[in-house]
Structures are given as C-alpha cells and as structure tokens.
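Asker: Just passing along the structure, written as structure tokens.
The values are calculated or read from the model by the stated rules, or taken from the named source; none is laboratory data. Nothing here was measured: the structure is a model prediction, and the numbers come from that model. Backbone-built Cβ (ideal geometry, glycine too); neighbour counts: all protein chains shown. To get the accessible areas, we keep the full protein, side chains included, count just its heavy atoms, and leave off ligands, DNA and RNA. Shrake-Rupley method; radii C 1.70, N 1.55, O 1.52, S 1.80 Å.
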Amino acid sequence: MTEDFNEPEELLKTLTSTSISEQEVFPHPSSIPRTLIKSFRIDDIQTDVWIQVFRERLVFGVSQHQGSLGSFVMCEPTQSPIHMKQIHYEVTNLLGAREDVAMNVYAQQLCEKIITARGAGQPLLTIVLGITLHKTKGKEPAMFRAILDVLVKLYRDAMQE
C-alpha cells in the first residue's frame, strides 16, 4: 500500500517518526576493516601498498603506477582433509590481464607467506591482491622478493595496531 503525501512537511514528519536509529544504520566500529597504507621506494620505484584486514580475508594493494591498480587476483587456501599439513591454493584472476601469470604467482606466494606468518593452527584466510607493477622492473626476481617482504611486514604491522 502506498501513502500519498500532499505536502513535503507531511512526508518529512512521517519519515522522521519512522526512521531507524543511527546505531542500526551505520556499521558498528568492529565491522569496519582495519586498514594500513604505506609507501616505499623499492629499487628506486615508488611503490604504494595497503592492506585491509577482514575477519575471513585479507585485501592487499600494490601499485607502482601512482596508486592505480590494474589486476585483482584472489588466492583461496584450503587444507587437505587427508593430509592436514598439505594446503591447496586456488588462484583466480578477478579483474585485469588474465594472461599475466606473474600476478597469480604473487598472490599464491603472498598467501603462503601469510600462512607462515600467522603460525600453525590459525584459520586459513583468503587473499585478494590488487596489483600494478612497473613494466620492466616489476617482474624481476629481486623486485618480486622485495614486494612480498613489504606485504608481509605490512600484514604484521596491521595486526599489531
């Protein structure tokens, strides 16, 4: 059933009397993800990184192009029901260059390093990685290791805040 309102004041009065309290509308502070943003110079390239910590996943960003992100990759770890120490990684390209397997390698390696950093017995978290790298230096082995090290450090810093 639709109510007809002839005057804006009538509508405002009705909306005000039936409005939801602020606490119900706005998210509780505990539901807002913890976010940490930092910038580094890696091999003389400005590299911006960030993390958002959610209950069931970690969202990372890496940009070597003034904050823009080109690809989003998700890595979902699952524990083998037979061999408890064995973990299977499913890597999915969500957005961006699907033919660039380096982004998948970044996501899986990051996921493996985060699992190690969290320690045995901790729940496995899905990793979402938004990433754009320098065209030539971004895929070099030294840059690869440096970016992964920075992201693990960022994770540890975020967990201490």
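Asker: What Kirkwood hydrodynamic radius do you get for the stretch 18-157 when you take the inverse of the mean 1/r over all pairs of distinct Cα atoms, in Å?
Answerer: Values: mean 1/r = 0.0617 Å⁻¹.
One over the average 1/r among Cα pairs gives 16.2 Å for the stretch 18-157.
Asker: May I ask you to list the trypsin sites (Lys or Arg not before Pro) in the stretch 60-161 that are in a DSSP loop and have at most 10 other Cβ atoms within 10 Å of their Cβ? Could the numbers behind the result be given before it?
Answerer: Numbers: sites: LYS85, ARG98, LYS113, ARG118, LYS135, LYS137, LYS139, ARG145, LYS153, ARG156; in loops: LYS85, ARG98, LYS135.
Loop-located and lightly packed - LYS85, LYS135.
Asker: Go ahead and run the numbers for FRET between ILE32 and ASP149, Cβ-Cβ distance against an R0 of 30 Å, rounding to 0.05. Walk me through the intermediate numbers first.
Answerer: Numbers: r = 28 Å, r/R0 = 0.92.
According to the calculation, E is roughly 0.60.
Asker: Keeping every protein chain in place, order GLU161, GLU76 by accessible area at 1.4 Å, biggest value first, i.e. largest first.
Answerer: GLU161, GLU76
Asker: Relative contact order for the stretch 100-161 using alpha-carbon pairs under 8 Å, separation at least 6, rounded to a whole percent?
Answerer: Computed value for the stretch 100-161: 42 percent relative contact order.
Asker: Relative contact order of the stretch 27-161, please, whole-number percent, based on alpha carbon pairs below 8 angstrom and at least 6 residues apart.
Answerer: 27
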